[in-house]
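Report on the structure given below.
The values are calculated or read from the model by the stated rules, or taken from the named source; none is laboratory data. Owing to the predicted nature of the structure, the values given are computational and were not obtained by experimental measurement. Cβ: placed from backbone, ideal geometry, glycine included. Neighbour counts: every protein chain shown. Quick note on the areas: whole protein, heavy atoms, side chains included, nothing else; ligands and nucleic acids left out. Shrake-Rupley method; radii C 1.70, N 1.55, O 1.52, S 1.80 Å.
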Amino acid sequence: MAKNPNTPNQPPSFVYGATRDWPGYFKAVAGKPPRETLLEALTRFKDEQPTTAIDLGCGEGRDTQELLNQGWRVLAIDGSQAGIDTLFERPGLANHPNLTTRISTFEQLADLPRVRLLNASFCIPFCIPEHFNRFWNTITSAIEPGGRFSGQLFGDRDSWASIPDRSHQTRAEAEALFSDFDLEMFDEEERDKQDFQGLTKRWHIFHIVARKHD
Ligand SMILES: C[S@@+](CC[C@H](N)C(=O)[O-])C[C@H]1O[C@@H](n2cnc3c(N)ncnc32)[C@H](O)[C@@H]1O
């Protein structure tokens, strides 16, 4: 049976995503580095002074930590109190002067500040489909002209696409969501991975960095 090579006694993190067991997920990903899509976006800002970012679906804070380390002022948002509590346990984050947090579901998200970077790693498909269009409009409207989105959309061939409360897109649908952006990274990943019980999950993910038109 395949086990998580990083934490041999725990199942891989995706097992928790299937059931929205976020506290279990936060334990499974503890100590993991920031996401590649965030790092790519930060590289593309290298000629600008860091300003303001939203880390949407921040979870236990792997990307929030990196943004703060690189000098950004961060609004970290998540629906899970456990996520925000775990984020605050990171060294230096409990009273960090550049960090603000907000507990909100994606379905109720409103009144976002305008930011230079909106990072949304592995969280967007968890928005309930009836709310997706309003949610997408809310988050993309928060990005300044010339600002960036970094994160993932999940594809229609992902195993979780058949779960009724998930929002997945075909490649064409995903591209259409970025009609107001230039796509700087749009990497399509499709592969099978086994969980600790030998069950196979198909991942179909679009890894995206995009710059909003001026
Ligand atoms: C798979 S985790 C990703 C966390 C982190 N961004 C990362 O890359 O590891 C998904 C995150 O989205 C949050 N989330 C899921 N559904 C949500 C919803 N409907 N509203 C708000 N947050 C939600 C969860 O609490 C969790 O922190």
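Report yes if residue 129 is in contact with a Leu (Cβ under 7 Å, 6 or more places away or on another chain) and exposed (fewer than 15 other Cβ atoms within 10 Å of the Cβ), otherwise no.
In short, no.
Here are 85, 47, 78, 55: which of them is within 15 Å of the ligand (Cβ to nearest atom) and either among the basic types (Lys, Arg) or surrounded by fewer than 17 Cβ atoms within 10 Å (Cβ to Cβ) (or both)?
85
Among the candidates 68, 109, 117, 93, single out the residue that is farther than 20 Å from residue 41 by Cβ, open to solvent by less than 20 Å² (accessible area, probe 1.4 Å) and away from the ligand (no atom under 12 Å from the Cβ).
Only one candidate qualifies: 93.
Here are the criteria: (1) surrounded by fewer than 16 Cβ atoms within 10 Å (Cβ to Cβ); (2) modelled with pLDDT of 95 or more; (3) in contact with a helix residue (DSSP H, G or I) (Cβ under 9 Å, 6 or more places away or on another chain). Tell me which single one residue 154 does not satisfy.
Failed condition: (1).
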